[in-house]
Amino acid sequence: MRIKDRLAEKIAGEITLSPNPGRTIRKWREIFEISQIELARVLDISPSVLSDYESGRRKSPGIKNIKRIVEALFEIDEKRGGKILHKYTSMMEVPEGIIEIMEYPYPIPALEFIETIDGKILNSPTDVDKKSIKGFTLVDSIKTIKTITSADFTHLYGWSTERALIFTGIQYGRSPMIAVRVHPMKPTMVVYHKPNAIDPLAIKLADMENIPLVLTNLSLDELIKRMISLRESE
């Protein structure tokens, strides 16, 4: 299957399986930087109809119409040079060291995410209550830090940088935060899973980037289970 087809399948599946399809349609429309008016014109429907779908005033548009929406997103982006398509199709291959990667159908408030994983904020970030999470990436810290290249680091962000990067297998937590610090792409949140200790430099770097640095001591299985459960919340 071509990577573009895999991407289309992923987006359509996410919309179809979402407990709130309209919000998920809006999420992807905004990712592709397309207005309601522009998308509605390509779909040959009125903007008010599209608005009703996105707000939930109309029920899910159905599989055939979801397919049309995805095709319209691709069509508009390709006419603009395919910037978004190129960005996301390049992320389809998962590098070694990623244990789990998932996107949420719509943004999850950062504080809700932290509460769900029994997290504790270690630093002093601002505006945590205004931050949101659109996905997470669970990383084997030792394997990833040793083998990942600068280009591969982009793959950790999946479909959006507005995500939690969770590092497990941590000794002191210095290397992951240094990697986050030097890379131009920044996550919304960094989570340390059962570190042996926390290097004060990691906390300092997190504050410099204004990124919440969160500690969780859940078992790995329970952590994954709880993060995945947020996908089903409304």
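Each reported figure results from applying straightforward, stated rules to the coordinates on display, with no laboratory input. This structure is a prediction, so every number in the text was calculated from the model and none was measured. Glycine also receives a Cβ, built like all others from the backbone with ideal geometry; neighbour counts cover every protein chain displayed.
Compactness ratio for the range 154-213: Cα radius of gyration over 2.2 N^0.38 Å (N = residue count) comes to 1.03. Under 5 Å from the amide H of residue 191 lie the amide H atoms of 165, 166, 167, 214, each residue being 5 or more positions distant or on a separate chain, with H modelled from the backbone and absent for Pro and chain starts.
Between 160, 60, 219, the residue with the greatest mean-square fluctuation in the GNM of the chain (Cα pairs under 10 Å linked by springs) is 219.
Residue 35 sits among other residues whose Cβ lies under 15 Å from its own Cβ, and their net charge, with Lys and Arg +1 and Asp and Glu -1, is 0. Note on the range 3-89: with charges restricted to the Cβ of Lys and Arg (+1) and Asp and Glu (-1), its dipole about the Cα centre is near 160 debye. For the chain, a crude dipole built from +1 on the beta carbon of Lys and Arg and -1 on the beta carbon of Asp and Glu, taken about the Cα centre, is about 340 debye to the nearest 20. Principal axis analysis of the Cα atoms in the range 3-89 yields extents of 33, 25, 19 Å, listed in decreasing size.
Shown is the FRET efficiency for residue 221 and residue 86, computed with R0 = 41 Å from the Cβ-Cβ distance and rounded to the nearest 0.05: 0.70. In this structure the amide hydrogen of residue 100, modeled in the peptide plane, comes within under 5 Å of the amide hydrogens of 138, none closer than 5 places in sequence on its chain.
Using only alpha carbon pairs under 8 Å that are at least six residues apart, calculate the relative contact order of the chain and give it in whole percent. Kindly include the intermediate steps, with their values, before the conclusion.
Details: 374 pairs, mean separation 44.5, N = 234.
Result for the chain is 19 percent.
Give me the net charge of residue 210's neighbourhood, meaning all other residues with Cβ under 13 Å from the Cβ of residue 210; Lys, Arg count +1, Asp, Glu -1.
Details: positive: 130, 131, 181, 186, 204; negative: 127, 207, 209.
Charge balance in the 13 Å sphere: +2.
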